[in-house]
Structure formats: C-alpha cells, structure tokens
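Beneath this line is the structure, given in structure tokens, with notes to follow.
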Amino acid sequence: MSPMSGRIFAKFIAEMGEDRLAVAVDTPGFGMSDTPEELPEIADYARAMAAVIDALGIDGPVDLMGYHTGSLISCDLARMRPQQIRRVVLVSAPLLNDQEREEMRTLYARIVPSLDGEHLMKRWRGYLHHNLGRGLDLDAVADMFPDGLLGRNRAWYGHRAAFNHQPDMGLPEVRQPIMVINPNDDLVQYTPRAAALMVNGHIVDKPEWGHGFLDASTGEAVALVRGFLNTTA
C-alpha cells in the first residue's frame, strides 16, 4: 500500500509464517528498498517482485497478497508467471473510471515541502482519518505513521503508477483463484466492481475492518487468508 512499507504486514506474517514461508517486501522506493531510477509503472513493480521470488530461490508455487497498489502488482505478477503463482489475495481493488482517476490523481499528487511543516501535518491528518478507530488507537496509529514517511519525496510514485494502470487491473486475464477482501476503507465503493471482471474469484465483504485491520484483527485476517490458501479445489 503506497507509500507504506512491509511493516503493515509484520504482525500478519508472524502468524501466517507459522506453517509456510511468509515474506513482506517493501515496494521499490518505499520502506528501506532502493529507489527506481525512473518513474515506475505497475509492471516495473511486478518485475521487481518477480526478482525477489528468484532471489529467494523459490522454485515451487507462490501465493500472493497485495494491498491497494499491491493488488495491482499482484495481478500483474500473476499474469506474468501463470505457472508459478498459485493463488492471489487482494485487499481492495482500485477499479476506477476516468473521472475517478483524475480525482485520485489530484488527491494524491506530490506534496511539496513547506517551511512550517504543514506538509507533514497534512500527511498526519490524512493518516489519522484513514486509520484511527476499528481496533486501532492513537498510539498504534502514531507507531505506524513514520513508515509512510520513508518514501520521502517519492511518496506519490506508487499512486501515480496505480492511476496510470489499466482500468480493469488485468483481472479478466488472471486465471488463478482470487479472493478479494473488501474492508471499509477508501476503496470500499470501487472494490465490488471486481466481481464482474474476475474469471475465478470472489469478494469477502468485511465492513467491520478498515485500514490497519492486519494489526487490529490479525488472527481473524490470518484465518481468512489461510483458509483460502489451504483450499485445494
């Protein structure tokens, strides 16, 4: 999820990794990852994730889980490696029409630094709006917030790539089983559009969850995802 780091998956993979290898990767340019030399597109991010799989020496099947921008990346990687990627979990689906894309581009445009630090306050207010409540208190939100600043002046890269990507996310071309989790976040009204585009997928509505549910409802999230990934049919 742009511009956050793999930290948002930390509690989740700690439990998920009890019966499988679970890895959370920083999207290039965010967290502690290297910065792309040129403005990245979703396909560039997907190739970077494919390189991670290769670097880990994984020869067998791989399951993917993406969150917002990561949902787009996961779909691209699933199409890129249809024989290796087994199942896909998406947290929300940014399926936007042209007008909505333009509105999002304006909302998530590059934030210019200001001497009084208002650019940081703007980020903080937005982060509070999307994360406070639904199981997360102020201390938890404050603990998570700095990870979103690690993207520095590149925080807008991921959103730019997302809003430049193909409108259908490539979902009609993904043949692997997909589970879309639809929490009550800022994409809740767009995510249901995935139902008409998926070849082999379903949506799980979770109105009681919002941003931060991987921390606030870790056990439930792990049970949901593990149940889907362990399905053999």
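The values are calculated or read from the model by the stated rules, or taken from the named source; none is laboratory data. Because the structure is a prediction, the values reported are computed rather than measured. Neighbour counts are summed over all protein chains in view; Cβ atoms, including those assigned to glycine, are modelled from backbone coordinates with ideal geometry.
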### Query
From the set of residues in region 123-157 that are small (Gly, Ala, Ser) and outside any helix (DSSP H, G or I), which is surrounded by the most Cβ atoms within 10 Å (Cβ to Cβ)?
151
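Yes or no, residue by residue, for (1) touching a residue at least 12 places away in the same chain (Cβ under 8 Å); (2) closer than 16 Å to residue 4 by Cα:
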{"residue": "35", "(1), (2)": "yes, yes"}
{"residue": "54", "(1), (2)": "no, no"}
{"residue": "70", "(1), (2)": "yes, yes"}
{"residue": "80", "(1), (2)": "yes, no"}
### Query
How many of the residues in region 12-39 are modelled with pLDDT of 95 or more and over 15 Å from the mean Cα position of the chain (by Cα)?
9
#### Entry: Those residues of region 96-120 which are without any contact (Cβ under 8 Å) to a residue 40 or more places away in the chain, small (Gly, Ala, Ser) and either at negative phi or outside any loop (DSSP other than H, G, I, E, B) (or both), in sequence order
114
### Message
Take the conditions surrounded by 15 or more Cβ atoms within 10 Å (Cβ to Cβ), outside any helix (DSSP H, G or I) and at positive phi and apply them to residue 31. Does it pass?
### Response
yes
### Query
Just a yes or no: is a residue in region 188-208 among the β-branched types (Val, Ile, Thr), modelled with pLDDT of 95 or more and assigned to a strand (DSSP E or B)?
yes
### Task
Within region 64-95, track down each residue that is over 19 Å from residue 184 (Cβ atoms) and in a loop (DSSP other than H, G, I, E, B).
81, 82, 83, 84
### Query
Do we have any residue at all in region 159-173 that's within 16 Å of the chain's Cα centre (by Cα), modelled with pLDDT of 95 or more and not in a loop (DSSP other than H, G, I, E, B)?
yes
